[in-house]
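The values are calculated or read from the model by the stated rules, or taken from the named source; none is laboratory data. What you are looking at is a predicted structure, and each value in this text was computed from that prediction instead of being measured. Using ideal geometry, Cβ is built from the backbone for each residue, glycine included, and neighbour counts are taken over all protein chains shown. Please note that ligands, DNA and RNA were not included when accessible areas were found on the heavy atoms of the full protein model with its side chains. Shrake-Rupley method; radii C 1.70, N 1.55, O 1.52, S 1.80 Å.
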Amino acid sequence: MTPPSRPHLPPTARALRARAIAFAFAFAPLAALGAGACAGAESAGSSAHSPTSGPQQRSTVITHDPCDGSGKSAKTVDVNGDGKPDITHVMSGEREVCRIVDLNFDGAIDAFIYYDDKGRERRRESDFDRDGRPDEVAFYENGALTRKERETNFDNKIDTWDYFEGGRLARRDRDSDGDGVIDQWWTYNNPQNPKCAVVATDRNGDGKPDPESAVDLCAEGGAQKTAPAPSAAPSASASAAASAAPAPPVASAVPSAVPAASSASPVVSAAPAASAAPAAPSKPSGKGK
């Protein structure tokens, strides 16, 4: 996924102008994103799972969809004039199948973007920490964001599943200890404040949220509280990798301990910030599966 490295460009006026052009090329099809919002809401709602049937085992494998940027159908764009491709359009006839993007001209691929037969975005793979592997995979239906699968602690395994309704983050499932079983359930209950959620945790390993564990992050007049944190924090090397990561194609920062609410629109922002890890909830060593 990571092409040969090349010298880092100085922040000159030419480079900044080239980067702005790159953003326009990379995300032009996103203008039609809102057209399928209703379909996205229906899909996200049908994905919802009520945690009443015991431990929920999830696949934590991150997969990469093929997107051959070296084939004859590939069309490259050199945005900053250094003789090397920054954007690669992979075509099937006149239709773009997928796109490979290096947003910051460092020679590393930041995102793979995939399109359906109508030219709408259907999938996006983002690499935030420059290790050549996706850290987040976003899924779209009819151009609307419906789900994100995220790897938040640099162990190359999915631990967070976000579900969107009408373009808004509505629900989150978390595997906070990396055993492949869901043990946190987040419900975003305030459309006006994406940071507000009710978080329930499974501490006794029965696969169900413990009633007494529920925390309303915006209870008591909207004062935000601390959410339950994963039992394992990222290593020092992982934290260092996070601080050096490039900008993600989402409005929110990439979480290190507890993921932050993200918007539906994949907009490039500054480098992801690591959030402070609150105290971990007590939890038995064994968990039923």
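Some observations on this one:
- When residues in the range 138-159 are screened for being of a type in the set (A, V, I, L, M, F, W, C), under 12 Å from the mean Cα position of the chain (by Cα) and part of a strand (DSSP E or B), 3 of them pass.
- Those residues of the range 160-196 which are part of a loop (DSSP other than H, G, I, E, B), open to solvent by less than 10 Å² (accessible area, probe 1.4 Å) and either within 30 Å of Arg130 (Cβ to Cβ) or not hydrophobic (A, V, I, L, M, F, W, C) (or both), in sequence order: Asp175, Gly180, Ile182, Asp183
- Filter pass, Gly143 being touching a residue at least 40 places away in the same chain (Cβ under 8 Å), in contact with a helix residue (DSSP H, G or I) (Cβ under 6 Å, 6 or more places away or on another chain), surrounded by fewer than 24 Cβ atoms within 10 Å (Cβ to Cβ) and of a type in the set (Gly, Ala, Ser): yes
- Members of the range 65-112 found to be under 17 Å from Glu125 (Cβ atoms), in a loop (DSSP other than H, G, I, E, B) and of a type in the set (S, T, N, Q), listed by number: Asn104
- Taken over the range 117-140, residues that are closer than 22 Å to Arg168 by Cβ and without any contact (Cβ under 8 Å) to a residue 60 or more places away in the chain amount to 3.
Conditions tested, residue by residue: (1) out of contact with any strand residue (DSSP E or B) (no Cβ under 7 Å at 6 or more places or on another chain); (2) at pLDDT below 95.
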{"residue": "Ser92", "(1), (2)": "yes, no"}
{"residue": "Glu96", "(1), (2)": "no, no"}
{"residue": "Asp106", "(1), (2)": "yes, yes"}
{"residue": "Tyr114", "(1), (2)": "no, no"}
{"residue": "Arg124", "(1), (2)": "no, no"}
{"residue": "Asp129", "(1), (2)": "yes, yes"}
{"residue": "Tyr140", "(1), (2)": "no, no"}
